[in-house]
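The values are calculated or read from the model by the stated rules, or taken from the named source; none is laboratory data. Fair warning: this is a prediction, and the values are worked out from it, not measured in the lab. A quick note on method: Cβ atoms are made from the backbone with ideal geometry, for glycine too, and the neighbour counts reach across all protein chains shown.
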Amino acid sequence: MKKILLQEIARVVANKRLGGDHFKLVLRSKGIASSAAPGQFIQIRVSAGTDPLLRRPISIHRVGAGTLELLCEIVGKATMILSEARPGDELDLIGPLGNGFGLGCAKAPVLVAGGMGVAPLAFLAEKLSKLKPLVLIGARSKKQVLCVDEFRKFGCKVMTATDDGSLGLKGRVTQLLENVLKGASGPRVNIYACGPRPMLKELSRLSVKYNVPAEISLEEHMSCGIGACLGCVVGTKSGFKRVCKEGPVFDAGEVIWQEE
């Protein structure tokens, strides 16, 4: 099916603060919202001026009837500007961009999120809700664990891991995943993941160890978002690939991980 790429002016419907540095933008979007798939992203212009100059890539968190939701964290000037957007403000978007998650092979889906990696996985969980996915969420502490109620609303079972032990398992979410894979039985498990690079590297190792297919959404710095600048290239077994164009979702076994 031919991909549809749109540029549109989206009006802010709501800007919900979630505590800490996290917030959720709800935008009125007819074109992008109607053609987006889980794992895709948009490029957003946060200012009418030249500072910041470049658009920012943001994962599509969820879509509704003519609405687009973006889950964001304040990490710099651009996201600070977005956090101050008010209902009625207009934002310039390009999207949906990139290749999303493959849904056809899912049988017993396990969704693994590290920190803000929950952002694209909520949309995926909603699409896979009939399969009642298992969702594993990792974060530094209880305060950084996001979207638990959202996932449960889709019928997902949610398990958590925190570095400080303030919620769920004390440790990494990949430890939680290995516990699940050790005891897996029944339908073949499929892993879908998004999060920090070290987490995805370890998850890829586990997918090989337990012979479980895994799709991972890579987080890389992007400038253009459409494959022109070559600023987000990663090595794969079939050559260098652009995260914004051939990704951001890749088969975990295809990515070549550099020693760190």
Qualifying positions in segment 227-244 - out of contact with any helix residue (DSSP H, G or I) (no Cβ under 9 Å at 6 or more places or on another chain), loosely packed, with under 14 Cβ neighbours inside 10 Å and over 17 Å from residue 55 (Cα atoms) = 235, 239, 240
task = Identify the single condition in (1) of a type outside the set (Gly, Ala, Ser); (2) more than 18 Å from residue 41 (Cα to Cα); (3) at pLDDT 95 or above that residue 123 does not satisfy, given that it satisfies every other one.
result = (2)
request  = Those residues that are out of contact with any strand residue (DSSP E or B) (no Cβ under 7 Å at 6 or more places or on another chain), touching a residue at least 24 places away in the same chain (Cβ under 8 Å) and not charged (D, E, K, R), I need them from segment 227-260; list them, please.
outcome  = 253, 257
query = When you go through 26, 13 one by one, which is the residue that is at pLDDT 95 or above, surrounded by 17 or more Cβ atoms within 10 Å (Cβ to Cβ) and over 24 Å from residue 244 (Cα atoms)?
reply = 13
ask   = Being over 19 Å from the mean Cα position of the chain (by Cα), outside any loop (DSSP other than H, G, I, E, B) and modelled with pLDDT under 95, is that true of even one residue in segment 209-230?
value = yes
Condition broken by residue 86, with the remaining ones in (1) at pLDDT 95 or above; (2) surrounded by 17 or more Cβ atoms within 10 Å (Cβ to Cβ); (3) outside the structural domain of residue 190 (by TED's automatic domain parsing) satisfied = (2)
query = Residues 158, 135, 148: which one is free of Cβ contacts under 8 Å to residues at least 60 places away in the same chain, farther than 24 Å from residue 227 by Cα, of a type outside the set (D, E, K, R) and surrounded by fewer than 18 Cβ atoms within 10 Å (Cβ to Cβ)?
reply = 148
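Residues are listed down the side, and each one gets a yes or a no for (1) of a type in the set (A, V, I, L, M); (2) closer than 21 Å to residue 72 by Cα; (3) modelled with pLDDT under 95; (4) surrounded by 17 or more Cβ atoms within 10 Å (Cβ to Cβ):
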position	(1), (2), (3), (4)
112	yes, yes, no, yes
118	yes, yes, no, yes
130	no, no, yes, no
144	no, yes, yes, yes
152	no, yes, no, no
170	no, no, no, no
186	no, no, yes, no
190	no, no, yes, yes
195	no, yes, no, yes
remark   = When segment 64-76 is checked residue by residue, the ones that are surrounded by fewer than 21 Cβ atoms within 10 Å (Cβ to Cβ) and under 21 Å from residue 244 (Cβ atoms) are 73, 75, 76
query = Does residue 250 satisfy the criteria of being surrounded by fewer than 15 Cβ atoms within 10 Å (Cβ to Cβ) and assigned to a strand (DSSP E or B)?
reply = no
